[in-house]
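The values are calculated or read from the model by the stated rules, or taken from the named source; none is laboratory data. No experiment lies behind these values; they were computed from the predicted model shown. A quick note on method: Cβ atoms are made from the backbone with ideal geometry, for glycine too, and the neighbour counts reach across all protein chains shown.
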Amino acid sequence: MFKNTFQSGFLSILYSIGSKPLQIWDKKVRNGHIKRITDNDIQSLVLEIEGTNVSTTYITCPADPKKTLGIKLPFLVMIIKNLKKYFTFEVQVLDDKNVRRRFRASNYQSTTRVKPFICTMPMRLDDGWNQIQFNLLDFTRRAYGTNYIETLRVQVLLLSQTDVCFWLQFPTLSRELWPHKGPGNIEESGQV
């Protein structure tokens, strides 16, 4: 999708206040919902993803399973509200050995496990809104001893409120990019 696009600085694939925030995403909903609501804390539209378990309600980008994102920027950033329920996200990357690897972070796992094609790891979310910065270069190198080439797919699974999902060339404090400024709106410690 973005492979032949000039990528520098910042690239967004989800912005909840946009006119069609899930235009390039596939939605799967069974015993749950994906809807846009106004969050009371930030008084802005957000996407709410809720379901009975992580395999029945989720969003995936790109929507077409035959396509890939082709994003080369190494830092995935998401703004997520902790609803004190199960939350997980998964990123599929391509490394310099031409192997597709998946990284899955969740708030219900306690240990990191590295298998040949998937690395699962715990994630701690603070109360309220959290900024998650995921360094794909570093995780690919540490988990597999290979180099990150590009991001192929992203999946966000149930029980969260999401405001934005974007890639950065360099790590930064998202207060510069996130429009909801002010005390208590975002916690910087939601690290994987």
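So that you can scan it fast, the table gives a plain yes or no per residue for (1) of a type in the set (D, E, K, R); (2) modelled with pLDDT under 85; (3) more than 20 Å from Q131 (Cα to Cα); (4) part of a strand (DSSP E or B):
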| site | (1), (2), (3), (4) |
| --- | --- |
| E50 | yes, yes, no, yes |
| S55 | no, yes, yes, no |
| L73 | no, no, no, no |
| E90 | yes, no, no, yes |
| N98 | no, no, yes, no |
| Y108 | no, no, no, no |
### Summary
The residue from S174, S189, S160 that alone is over 28 Å from T5 (Cα atoms), polar (S, T, N, Q) and either at pLDDT 55 or above or surrounded by 14 or more Cβ atoms within 10 Å (Cβ to Cβ) (or both) is S160
### Complete set of residues in segment 20-44 that are in a loop (DSSP other than H, G, I, E, B), surrounded by fewer than 18 Cβ atoms within 10 Å (Cβ to Cβ) and either charged (D, E, K, R) or at negative phi (or both)
K20, L22, Q23, I24, R30, N40, D41
### Message
Just to be sure I understand the filter: pairs with C-beta atoms under 7 Å, separated by 6 or more residues or on different chains, first member in segment 1-19 and assigned to a loop (DSSP other than H, G, I, E, B) and crowded, with 17+ Cβ neighbours inside 10 Å, second member at pLDDT 70 or above and charged (D, E, K, R). Which pairs pass?
### Response
S16/R36
#### Entry: segment 7-22 - residue that is under 16 Å from the mean Cα position of the chain (by Cα) and not aliphatic (A, V, I, L, M) and, of those, farthest from F87 (Cα to Cα)
F10
### Subset of segment 83-132 that is under 23 Å from E150 (Cβ atoms) and acidic (D, E) - its residue that is surrounded by the fewest Cβ atoms within 10 Å (Cβ to Cβ)
D96
### Test set (1) surrounded by 19 or more Cβ atoms within 10 Å (Cβ to Cβ); (2) touching a Gly at 6+ places or on another chain (Cβ under 7 Å); (3) over 23 Å from T120 (Cα atoms); (4) not small (G, A, S) - L47 fails condition number
(2)
### Task
Have a look at Q133, Q169 and point out the one that is out of contact with any Leu (no Cβ under 6 Å at 6 or more places or on another chain), among the polar types (S, T, N, Q) and at pLDDT below 95.
Q133
